[in-house]
Amino acid sequence: MILSFNPKEDTSTQAFFDLEEQSPQRQLAEKLDRPSFGNPDAKLVIVEFSDFQCPVCQAEFPIIREITNRYKDEILYIYRQYPVINEDSITLSHASLCAYEQNKFWQMHDKLFLSVNKDFSSDNLKNIARQSGLNIEQFDNCTQSEKYKNMLIEDFQDGSMLGISGTPTFFINGHKLAGNVSREAWEELLAKLLKQ
């Protein structure tokens, strides 16, 4: 189900809460072993499928980061990989998961999206990892081993089964919201949903 959200219209948000807890679409989107941020007991779960090389994702990054920080006590935000833009997409997704194993995912995530230098050579990626506080030897071993390849494949397959046609694509309690969502639209949508 694709939900178009236009804050200027009287949009019913009840559909977000109509899904049963174990609905197949929601289960497929909400993998709890992925990088997450916020309240694990929240009634509102936002999942983003994203690509570090996607220009629309880069435009959405400061908005969703601000929103998730502001509502961290009321929502659970889960980040999932959907690396489809180019070869660097896969490299950066894998590098971010190597940061995740060192509990530095969000530091690496933010630096990858904020990186002005789009040359993600091995040396530059190590530099970003170092700036993110990672143990470089462990990071190197992880990236060279491709140990998270299966997780990336699973994220891609789940995204495909969920009907993702581009990034970013969000799932709010299992309901799809695709594309760039403005700060104002997020504010209005979350204000309505969190009143439920």
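Cβ crowding within 10 Å ranks 156, 49 as 156, 49, fewest other Cβ atoms first. Taken along its three principal axes, the alpha carbon spread of segment 54-111 comes to 35, 28, 17 Å, from the longest extent down to the shortest. Remark: 151, 161 ranked as 161, 151, counting other beta-carbon atoms within 10 Å and listing the fewest first.
Across segment 93-196, the volume of the C-alpha convex hull divided among the residues equals 135 Å³ per residue. What the Kirkwood sum gives for segment 18-193 is a hydrodynamic radius of 16.5 Å, with every pair of different alpha carbons counted. Of all DSSP beta bridges confined to segment 18-193, the antiparallel ones make up roughly 60%.
Each of 128, 136 was scored by other Cβ atoms within 10 Å of its Cβ. Arranged with the fewest first, they read 136, 128.
Calculated mean residue ellipticity at 222 nm for the chain: -14500 deg cm²/dmol, from DSSP H runs with n ≥ 4 weighted as -39500 (n - 2.57), summed, divided by the residue count and rounded to 500.
With a simple spin-label model that places each label point 7 Å from the Cα along the Cα-to-Cβ direction, the separation between residue 74 and residue 144 comes to 4.8 nm.
Here, each number is a calculation from the coordinates, and none is a lab measurement. All values derive from a computational prediction rather than experimental measurement. Cβ coordinates were reconstructed from backbone atoms using ideal geometry, including for glycine residues, and neighbour counts include every protein chain displayed.
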